[in-house]
Amino acid sequence: MATVNNGIHVPVMLNEVLDYLNLKKEGIYVDCTFGKGGHSRSILEKLEKGKLIAFEWDEETANLVQKDKLFLSSQFHLINDNFANLEEHLKKMNIQEVDGFLFDLGLSSDQLAEEGRGFSYRLNSPLDMRMSGKSKLKAEDIINNYSCEKLADIFYHYGEERRARIIARKICYRRKKEKITNTEQLVGIIASCFSRKTNKHPARKAFQALRIFINNELENLTQALEVALKYLTLDGRIIVISYHSLEDRIVKQLFKKMSLENNFYVVTKKPLAPNSEEISYNHRARSAKMRVIFHHG
Ligand SMILES: C[S@@+](CC[C@H](N)C(=O)[O-])C[C@H]1O[C@@H](n2cnc3c(N)ncnc32)[C@H](O)[C@@H]1O
């Protein structure tokens with residue numbers, strides 16, 4: 001996650017990322033979630049002869065890179081693809097070992113604020129929620145065509161939404177009367193399932209669930225982390241910044257398993273969080289959790 005503060009793009013936990021990556025000037029690094037290139041920029045500036053490869057699945061976001069001279073460097077290579085395909089690309093580039101991987105998961109604040117994407121429950125948009133325009137399945141297809149049971153499962157498993165069944169039933173009832181095509185309709189249905197007002201938005205968990213399901217986010221993360229662990233060189237590090245418990249659980253469990261079975265050391269016994277100063281100027285950073293694993297040979 002990253003935000004814009006007085007027009008300046010602020011990457012989350014940048015100092016911690018740079019400290020823990022322990023950059024080698026000639027190393028090979030992979031930023032799996034380029035976004036607006038906030039972390040990539042700082043990494044690239046510190047590499048003398050090294051190389052930075054970055055992944056960005058969203059075509060519109062990936063296109064922004066052309067506007068920035070720094071990213072025209074021959075030391076930088078952007079791949080517009082899902083990081084789940086990490087191994088395929090490393091093989092194509094003939095890379096056998098990587099000194100550090102960074103995952104700053106989720107969406108950028110720009111993607112959330114973009115009308116037409118359907119990611120935000122605060123904006124009225126068509127029900128899309130695809131991270132890449134090349135993917136076929138949209139939120140509208142799920143909401144209007146999936147069975148009531150399947151909808152409830154999605155809200156429960158990917159959003160940890162306790163009202164999953166009630167929300168699913170209401171959606172199925174409403175769609176018999178009219179097609180549900182935009183976020184405003186969906187938010188209205190979800191909100192009607194909550195009798196009491198809460199501090200958090202009632203549609204927060206259901207929207208998270210749909211986004212994770214549509215984009216296969218948990219499977220992508222597991223697949224990419226397994227490859228990253230395989231390619232990590234001696235003394236190399238993997239850093240993951242996650243923003244919800246489902247992602248954090250995957251990282252925690254996989255890192256723990258690797259440290260018990262192999263030559264890996266989990267640097268962060270408890271996840272690191274941004275300090276209060278960072279949260280005060282970048283509110284979106286408040287839910288960030290950072291975990292680091294180290295290959296000690
Ligand atoms: C939180 S933002 C990263 C912000 C970035 N660190 C910065 O400082 O600008 C996450 C980015 O990762 C991208 N992303 C999410 N899942 C991805 C995936 N499976 N493969 C490639 N990119 C992905 C999103 O499109 C988004 O642009």
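The values are calculated or read from the model by the stated rules, or taken from the named source; none is laboratory data. Worth saying up front: this structure is predicted, and the values here are computed from it rather than measured. Virtual Cβ from ideal backbone geometry, glycine too; neighbours counted across all protein chains shown. Remember, those area values only see protein heavy atoms, side chains included, never the ligands or the DNA or RNA. Shrake-Rupley method; radii C 1.70, N 1.55, O 1.52, S 1.80 Å.
Can you go through LYS252, LYS289 and tell me which one is basic (Lys, Arg) and away from the ligand (no atom under 16 Å from the Cβ)?
Going through LYS252, LYS289 in turn, the sole match is LYS252.
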Requiring at least 1 residues that are exposed (fewer than 15 other Cβ atoms within 10 Å of the Cβ), within 18 Å of the chain's Cα centre (by Cα) and within 11 Å of the ligand (Cβ to nearest atom), the helices (runs of 4 or more DSSP H) wholly within region 1-115 are 59-63
Any residue at all in region 166-180 that's acidic (Asp, Glu) and part of a helix (DSSP H, G or I)?
no
The number of residues in region 207-229 that are free of Cβ contacts under 8 Å to residues at least 60 places away in the same chain and either more than 14 Å from the ligand (Cβ to nearest atom) or open to solvent by 40 Å² or more (accessible area, probe 1.4 Å) (or both) is 4
Number of the exception - ARG249 against (1) crowded, with 17+ Cβ neighbours inside 10 Å; (2) at pLDDT 95 or above
(1)
Helices (runs of 4 or more DSSP H) wholly inside region 195-297 containing at least 1 residues that are within 23 Å of TYR158 (Cα to Cα)
204-215, 217-231, 245-261
Sole exception among (1) farther than 23 Å from ARG130 by Cα; (2) open to solvent by less than 10 Å² (accessible area, probe 1.4 Å) for PRO271, by number
(2)
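Hey, among the residues in region 116-146 that are of a type in the set (Lys, Arg) and in contact with an Asp or Glu (Cβ under 7 Å, 6 or more places away or on another chain), which one's surrounded by the fewest Cβ atoms within 10 Å (Cβ to Cβ)?
LYS138
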